[in-house]
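S.K.: Shown below is the structure under consideration.
The values are calculated or read from the model by the stated rules, or taken from the named source; none is laboratory data. This one's a predicted model, so the numbers in the text were calculated from it and none came from an experiment. Here the Cβ is made from the backbone with ideal geometry for all residues, glycine too, and neighbour counts use every protein chain on show. SASA here: full protein model, heavy atoms, side chains in, ligands and nucleic acids out. Shrake-Rupley method; radii C 1.70, N 1.55, O 1.52, S 1.80 Å.
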There are 2 protein chains.
Amino acid sequence: MNFCSNCGSNTIGLIVPQGDNRERYVCGNCGIIHYQNPNIVAGCLPVWEDKVLLCRRAIEPRLGFWNVPSGYLENGESVEDGAKREVWEEAAAKVELDYLITLYNLPKINQIYLQFVGELVGGAFGVGEESSECALFTEKAIPWEEMAFTSSTFTLRRYFENRRLGKKILHRGAYPDL
Amino acid sequence: MNFCSNCGSNTIGLIVPQGDNRERYVCGNCGIIHYQNPNIVAGCLPVWEDKVLLCRRAIEPRLGFWNVPSGYLENGESVEDGAKREVWEEAAAKVELDYLITLYNLPKINQIYLQFVGELVGGAFGVGEESSECALFTEKAIPWEEMAFTSSTFTLRRYFENRRLGKKILHRGAYPDL
Ligand SMILES: [Zn+2]
Ligand SMILES: [Zn+2]
C-alpha cells in the first residue's frame, strides 16, 4: 500500500492505532485505518456415484495440477453460493450441496478454505475457462502426486474417510499444522 | 475508494476487467484491480456447566446489547485462534474449543460468521475492554430480546438444540434467508 485510497496521500504508516493492539496501515493525512483481513476460498467436491470430479488448473498458481473446484468468495455472496459458482466456473457443472466437510486454515497467506461435498447434478460436467480438463476419479485413480494444493488433498482424504464411515463429519485442518 | 492505493491516481473506475465477469474497482492509470471480498467474523460461545457466557457490548454497533464473543478474523490467524482471541478480548476468558457450530452468512454486509462452542476454562472470566458486562446465563435466563445480532441468536438456539440432542452438529444459516 503506497497511497491512501481515501485521500490520496502517500504518508501511509504502519502503526498501532489508539485502542488497538496490532499494527495497521494508517494514513498520516486523513487518519483512516486501512484494515486487511483474510479471504475465504469457497469450494465444493462434486460426487457422482463412486467418483469425484476434479479440475486440472489452466491458470497459475499450480498450473497443470488437479484441484477441488474452489475460489475466492465474492462480496454479496453466501459461502454456499460461492461454492456452487466455482463449480460452475471451473467445471461447467451444477451441484446440490450436501454438507460442509472442510475448514482449512492457511494463515501464512491469509486464506481460509470452506469446502462442501455436493451431488453432481445428472453426472454432467464440461470444462470451465480456468480448467484445461475436468474428470471423474474413483478413490484409487486420484492423482495424489499431482494435486494443486494441500487443501484439496485434505478434503479428498477426509471425504473418502467419511464415506467409509457413512458420516458427514466436518474436518478442520491447517497448513502448517496449528 | 477515491484513489489508487498503488499509484495514487484518482482515475478509479468500476468496470468488468477482461476475463472477469463482475465489476471491480480498476485504476485507469496503473491498471491494478482492487478486489474486495467478504470478511470472516470468528467467535466462540463459552460454556460452563449448564450456562453460557455472553458479553454486553460497550461499543457500537448495538451498544448495550448482548453478544456471543466474536470479531473480525485478523491476517495471520486461523479461525480457531481468532475465536479464542475474541473471547479473551471481550470476556478476559480462556476457552478450549469443542466444535464449530455455526456458518452464518450476511451477504448484504459481506460478513461470514464462524462460531465455535468451547469450554470456559475453570469457569473464570472478567470483562474485556469492548464489553460493559459479561455474565453466565442458563437457557431460561437468556435475554433473547436484547441480543445484538441475529448470528448470536442463531448460534444460541442451535447450541441448546444440540445439547438436548447430545449432538455436535454444524448449523448453517443466513440473514436474510438464502
Ligand atoms: Zn488518507
Ligand atoms: Zn493505480
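S.K.: When the stretch A:107-126 is examined, which residues are found to be open to solvent by 40 Å² or more (accessible area, probe 1.4 Å) and among the aliphatic types (A, V, I, L, M)?
M.R.: Our first condition is that a residue be open to solvent by 40 Å² or more (accessible area, probe 1.4 Å); within the stretch A:107-126, this holds for A:108-110, A:119, A:121-122, A:124-125.
Answer for the stretch A:107-126, where residues must be open to solvent by 40 Å² or more (accessible area, probe 1.4 Å) and among the aliphatic types (A, V, I, L, M): A:109, A:121, A:124.
S.K.: Can you pull out every residue in the stretch B:66-94 that is under 18 Å from residue B:156 (Cα atoms) and in contact with a Phe, Trp or Tyr (Cβ under 8 Å, 6 or more places away or on another chain)? Reasoning before the result, please.
M.R.: Residues of the stretch B:66-94 that are under 18 Å from residue B:156 (Cα atoms), as a first pass: B:66-71, B:83-84, B:86-87, B:90-91.
Across the stretch B:66-94, the qualifying residues are B:67, B:70, B:83, B:91.
S.K.: Quick one: in the stretch A:37-57, which of the residues that are of a type in the set (A, V, I, L, M, F, W, C) and more than 14 Å from chain B (Cβ to nearest Cβ) is nearest to ligand 1 (Cβ to nearest atom)? Spell out the reasoning first.
M.R.: Of all residues in the stretch A:37-57, those of a type in the set (A, V, I, L, M, F, W, C) come to A:40-42, A:44-45, A:47-48, A:52-55.
Filter once more, so that each one left must be more than 14 Å from chain B (Cβ to nearest Cβ): A:45, A:47-48, A:52-55.
Details: A:45: 44, A:47: 49, A:48: 52, A:52: 48, A:53: 47, A:54: 45, A:55: 42 Å.
By that ranking, first place goes to A:55.
S.K.: If you don't mind, another one. Is it the case, given these coordinates, that residue B:71 is more than 30 Å from residue B:127 (Cα to Cα) and either under 14 Å from the mean Cα position of the chain (by Cα) or not assigned by TED's automatic domain parsing to the domain that holds residue B:122 (or both)?
M.R.: No, not satisfied.
S.K.: Here is a further query. Mind listing whichever residues of the stretch B:3-24 are within 12 Å of ligand 2 (Cβ to nearest atom) and either at the interface with chain A (Cβ under 8 Å from one of its Cβ atoms) or in contact with a Ser or Thr (Cβ under 9 Å, 6 or more places away or on another chain) (or both)? It would help to see each step written out before you state the result.
M.R.: Taking the stretch B:3-24 and keeping what is within 12 Å of ligand 2 (Cβ to nearest atom), we get B:3-13.
If the condition is that a residue be within 12 Å of ligand 2 (Cβ to nearest atom) and either at the interface with chain A (Cβ under 8 Å from one of its Cβ atoms) or in contact with a Ser or Thr (Cβ under 9 Å, 6 or more places away or on another chain) (or both), then B:3, B:4, B:5, B:6, B:7, B:8, B:10, B:12 are the ones that fit.
S.K.: Among the residues of the stretch B:61-69, are any of a type in the set (Lys, Arg), more than 16 Å from ligand 2 (Cβ to nearest atom), touching a strand residue (DSSP E or B) at 6+ places or on another chain (Cβ under 8 Å) and more than 14 Å from every other protein chain (Cβ to nearest Cβ)? Before the answer, list the steps.
M.R.: Quick first cut of the stretch B:61-69, residues of a type in the set (Lys, Arg) only: B:62.
Narrowing further to those that are more than 16 Å from ligand 2 (Cβ to nearest atom): B:62.
Applying the additional criterion that residues be touching a strand residue (DSSP E or B) at 6+ places or on another chain (Cβ under 8 Å) yields none.
Within the stretch B:61-69, none of the residues are of a type in the set (Lys, Arg), more than 16 Å from ligand 2 (Cβ to nearest atom), touching a strand residue (DSSP E or B) at 6+ places or on another chain (Cβ under 8 Å) and more than 14 Å from every other protein chain (Cβ to nearest Cβ).
S.K.: Keeping to the stretch A:140-178, report how many residues are without any contact (Cβ under 8 Å) to a residue 24 or more places away in the chain and of a type in the set (D, E, K, R).
M.R.: The qualifying residues number 8.
S.K.: Okay, next question. Under 8 Å by Cβ, and 6 or more places apart or on different chains, what pairs join a residue from the stretch B:7-19 that is assigned by TED's automatic domain parsing to the domain that holds residue B:30 with one that is in a loop (DSSP other than H, G, I, E, B) and polar (S, T, N, Q)?
M.R.: Matching pairs, first to second residue: B:7/A:2; B:7/B:29; B:8/A:2; B:8/A:10; B:9/B:29; B:10/B:2; B:11/B:29; B:12/B:2.
S.K.: Another question about this same structure. Out of B:104, B:72, I need the residue that is surrounded by 14 or more Cβ atoms within 10 Å (Cβ to Cβ), more than 21 Å from residue B:143 (Cα to Cα), more than 16 Å from ligand 2 (Cβ to nearest atom) and not aliphatic (A, V, I, L, M). Which one? It would help to see each step written out before you state the result.
M.R.: Values: B:104 fails: more than 21 Å from residue B:143 (Cα to Cα).
Sole residue among the options that is surrounded by 14 or more Cβ atoms within 10 Å (Cβ to Cβ), more than 21 Å from residue B:143 (Cα to Cα), more than 16 Å from ligand 2 (Cβ to nearest atom) and not aliphatic (A, V, I, L, M): B:72.
S.K.: So residue A:34 fits all but one of (1) away from ligand 1 (no atom under 16 Å from the Cβ); (2) at pLDDT 95 or above; what number is the exception?
M.R.: Failing condition for residue A:34: (1).
S.K.: In this structure, does residue B:84 turn out to be touching a residue at least 40 places away in the same chain (Cβ under 8 Å) and loosely packed, with under 15 Cβ neighbours inside 10 Å?
M.R.: Numbers: touching a residue at least 40 places away in the same chain (Cβ under 8 Å): yes; loosely packed, with under 15 Cβ neighbours inside 10 Å: no.
In short, no.
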